[in-house]
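I have placed the structure first, in the form of structure tokens, so that the comments after it can refer back to it.
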Amino acid sequence: MRKLAAGNWKMNGTGDDLDQVTRLITAFSGTQRADIVICAPATLVHRMAEIAAGSSVQVGGQDCHPKAAGAHTGDVSAAMLREAGADYVILGHSERRSDHRETDLMVRAKVLAAVAERLVPIVCVGETLAEREAGRTLEVVGGQLDGSLPGELPGDIGIGDVVVAYEPVWAIGTGLTATTAQIAEVHGFIRDRLLAAYGLDGEAMRILYGGSVKPGNAAAIFAVPHVDGALVGGASMTANDFGPIVTALINA
Ligand code: PEP
């Protein structure tokens with residue numbers, strides 16, 4: 001399975017930050033051993049994709065609307081992301097689930113919209129601290145998987161191409177990282193759930209860990225079974241931080 005290092009710039013970055021992408025492209029030119037993606041704010045997708053064209057770095061969006069077009073002020077469709085040059089899109093990030101009250105049902109509709117435009121969805125799941133402390137982590141993650149992933153997909157992106165990101169909400173942007181034991185438990189659980197739902201395709205689906213991944217903890221996280229890469233927020237904003245994370249993944 002090809003590993004995946006995905007960066008999430010969130011609502012950060014202007015044209016001045018694009019040189020970080022250029023540095024990343026230079027550092028990993030010719031890299032065939034992992035997929036490298038930066039999920040940019042909508043305003044930068046097109047420019048970033050132009051810079052990254054033909055390189056080992058790909059570009060993604062951070063959300064898309066479930067509909068193809070229409071009266072949805074402020075939203076971006078999957079077709080718009082595709083036209084701008086995106087190959088991936090993050091869906092159901094916990095910040096979208098909390099800031100915009102996105103439900104599993106909405107995320108599932110977005111997954112269908114994304115694959116219709118041949119965008120690879122990175123579907124995020126993860127428990128809050130209160131849910132973990134109540135012993136509900138696996139129940140919550142299982143429910144999000146069941147609700148957010150479609151049974152089967154039309155079009156030329158199969159369910160095996162869909163990416164799942166396990167992101168404990170309490171570890172995102174906090175500097176707190178799940179322990180390797182906690183990651184192993186949840187990733188093993190997700191793999192079993194995907195196998196039960198999709199058979200062999202479930203074996204091919206990449207499961208990323210996200211939550212304060214940094215150069216200093218990346219190698220230990222990538223050594224955990226069923227961790228097929230990372231979704232990285234803060235540390236994806238500079239090549240100095242993201243580069244060593246990509247290298248750790250390639251060497252894992
Ligand atoms: C994220 O944005 O998905 C994320 C995991 O952020 P951070 O790496 O900053 O915790």
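For region 77-121, the candidate set comprises residues that are within 17 Å of L208 (Cβ to Cβ), out of contact with any Lys or Arg (no Cβ under 7 Å at 6 or more places or on another chain) and hydrophobic (A, V, I, L, M, F, W, C); within that set, the residue that is surrounded by the fewest Cβ atoms within 10 Å (Cβ to Cβ) is V120.
Applying the criterion of at least 3 residues that are open to solvent by less than 50 Å² (accessible area, probe 1.4 Å) and at pLDDT 95 or above to the helices (runs of 4 or more DSSP H) found wholly in region 180-252 leaves 180-198, 218-222, 239-251.
Total residues in region 19-41 satisfying the condition of being in a helix (DSSP H, G or I) and open to solvent by 40 Å² or more (accessible area, probe 1.4 Å): the figure is 5. Looking across region 63-112, the residues that are under 14 Å from the mean Cα position of the chain (by Cα), away from the ligand (no atom under 16 Å from the Cβ) and aliphatic (A, V, I, L, M) come down to A86, V111. Scanning region 214-252 for residues that are out of contact with any strand residue (DSSP E or B) (no Cβ under 6 Å at 6 or more places or on another chain), within 15 Å of the ligand (Cβ to nearest atom) and among the hydroxyl-bearing types (S, T, Y) yields one hit, T238.
Scanning region 161-204 for residues that are more than 19 Å from R2 (Cα to Cα) and within 16 Å of the ligand (Cβ to nearest atom) yields a total of 16. For beta carbons closer than 6 Å, sequence separation of 6+ or different chains, a first residue in region 232-252 that is touching a residue at least 60 places away in the same chain (Cβ under 8 Å) and farther than 15 Å from S212 by Cα and a second that is in a helix (DSSP H, G or I) and among the polar types (S, T, N, Q), the qualifying pairs are A239/Q20. Among residues of region 182-200 that are over 16 Å from G229 (Cα atoms) and free of Cβ contacts under 8 Å to residues at least 40 places away in the same chain, those with a Cβ under 7 angstrom from a residue that is open to solvent by 10 Å² or more (accessible area, probe 1.4 Å) and not aliphatic (A, V, I, L, M), sequence gap 6+ or separate chain, pair up as L195/E203.
Filtering region 150-166 to residues that are of a type in the set (A, V, I, L, M) and either part of a helix (DSSP H, G or I) or open to solvent by 10 Å² or more (accessible area, probe 1.4 Å) (or both) leaves L153, I157, I159. Residue count for region 122-139 satisfying the condition of being open to solvent by 20 Å² or more (accessible area, probe 1.4 Å) and not acidic (D, E): 8. Applying the criterion of being open to solvent by 20 Å² or more (accessible area, probe 1.4 Å) and under 22 Å from the mean Cα position of the chain (by Cα) to the residues of region 7-18, the residue that is farthest from the ligand (Cβ to nearest atom) is T14. Look at region 140-166: where a residue is over 12 Å from R108 (Cβ atoms) and a partner is open to solvent by 30 Å² or more (accessible area, probe 1.4 Å) and polar (S, T, N, Q), sitting 6+ places away or on another chain with Cβ atoms under 9 Å, you get V140/T128.
The values are calculated or read from the model by the stated rules, or taken from the named source; none is laboratory data. Just so it is clear, the structure is predicted and the values come from calculations on it, not from any experiment. No Cβ is skipped: glycine too gets one built from the backbone with ideal geometry, and neighbour counts run over all protein chains shown. Just so you know, the surface numbers come from the protein's heavy atoms only, side chains and all, with ligands and any DNA or RNA stripped out. Shrake-Rupley method; radii C 1.70, N 1.55, O 1.52, S 1.80 Å.
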